[in-house]
Amino acid sequence: MENKTYRIKKILNNNVVGAVYGFQEVIIVGMGIGFNVRVNDKVDNRKIEKVFELKREDFYKTSQLVQEIPEHMFFEVYRMIEKVTQLYNVNLDAHSYVTIIDHVHFAIERYLSGQDINNFMVFDLRIMYDQEFRISESLLNEVNEFYNLKMPIDEAGFLTMHIVNGMNSDINNQSSVLTDIVLSCLNIIRDNYLISLKLDDPATQRIMVHIKMLVQRIMIDKQIDFKEKVLYNVIEEFESAYNCALKIREYIEYRMNTNINPQELVYLTIHLNRLEMLYLDK
């Protein structure tokens, strides 16, 4: 650990403090780093485990989140994330650590209160984000084992999106572009099928999530590339869905100055066919 002089700006709990180094605001994690200290004290560098450098607006949001999570759980889940990311040799950005810990805290509360939430995208996420899903599955196993729980694989699906965002911080920086593209694609679908898509409808939400993930994969240059033979027969079988997928591909390629590969087109066609069956069978 580089021997910088950090001064405490805010004590978030016994193991986490907000601090400053020059004009840089940071969150520092370490066993007992916030115990028996005061604002403006120097941080004991021997206790530092991790330093998160944050933008000013992220510093306050992150500080607030840390204080809302039980102190013991924050440090325990932080250690689990460190273990899993080191195992897979990946790096996550600073803010994602806190959002993952916050999600785990919320998921445990929800599980203990008997609230089950199914994640209908689990199968898709396992295919589209293989490494990220495996990381999330490992983290879920760590959480279940440590807290003696049996949270279902659905939670790994929810965690996967946090891992994806944490490994690719550029996605967050382009969030407004991503949202605009997704909404424009919904308009293409509406016009193609002449249907009214309701944003609170699970079928609409599913296709929105799929398109969002497609755009994210393009942003990070990680399109699906099946090693097995792609089921091109879906193009003939789902002709109307395929025609809609072509319109969406044309728009996204123009908007993002890129090319969408055949596997992604087939996968988009399958999702559109699902949507088509749900809406046109009503």
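Coordinate-derived values only; no laboratory data. Small disclaimer: the values here were computed from a predicted structure and weren't measured. Because the Cβ atoms are built from the backbone with ideal geometry, glycine has one as well, and the counts that use them run over all protein chains shown.
Quick look at the values:
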{"quantity": "Segment Met277-Asp116, extension gain: residue separation times 0.36 nm, minus the distance between their alpha carbons", "calculated": "55.3 nm"}
{"quantity": "Point-to-point label distance, Thr258-Tyr21, nm (Cα→Cβ direction, 7 Å offset)", "calculated": "3.3 nm"}
{"quantity": "Segments 154-167, 183-196 sorted - mean Cβ within 10 Å per residue, highest first", "calculated": "154-167, 183-196"}
{"quantity": "5 angstrom amide H check on Leu12, placed H, neighbours 5+ away", "calculated": "Val17, Gly18"}
{"quantity": "Total charge dipole magnitude, the chain, about the Cα centre, Cβ charges on Lys, Arg, Asp, Glu only, Debye to nearest 20", "calculated": "820 debye"}
{"quantity": "Overall Cα dimensions of the range 121-262 - principal axes, largest extent first, Å", "calculated": "50, 35, 32"}
{"quantity": "Average Cα contact separation per residue, the chain, under 8 Å, 6 or more apart, as relative contact order %", "calculated": "11 percent"}
{"quantity": "Mean residue ellipticity (222 nm) of the chain, computed from DSSP H runs ≥ 4 via -39,500 (n - 2.57), nearest 500", "calculated": "-20000 deg cm²/dmol"}
{"quantity": "At R0 = 22 Å, FRET efficiency that the Cβ-Cβ distance of Val39 and Asn3 yields, to 0.05", "calculated": "0.50"}
{"quantity": "Percentage of interatomic Cα-Cα distances in the chain larger than 28 Å", "calculated": "46 percent"}
{"quantity": "Rounded to whole Hz, the Karplus (6.51, -1.76, 1.60) HN-Hα couplings of the range 54-66, x for glycine and proline", "calculated": "10, 5, 4, 5, 6, 4, 6, 5, 5, 4, 5, 4, 4"}
{"quantity": "For the range 1-56, the fraction of alpha-carbon pairs in successive 10 Å shells from zero, as %", "calculated": "28, 63, 8"}
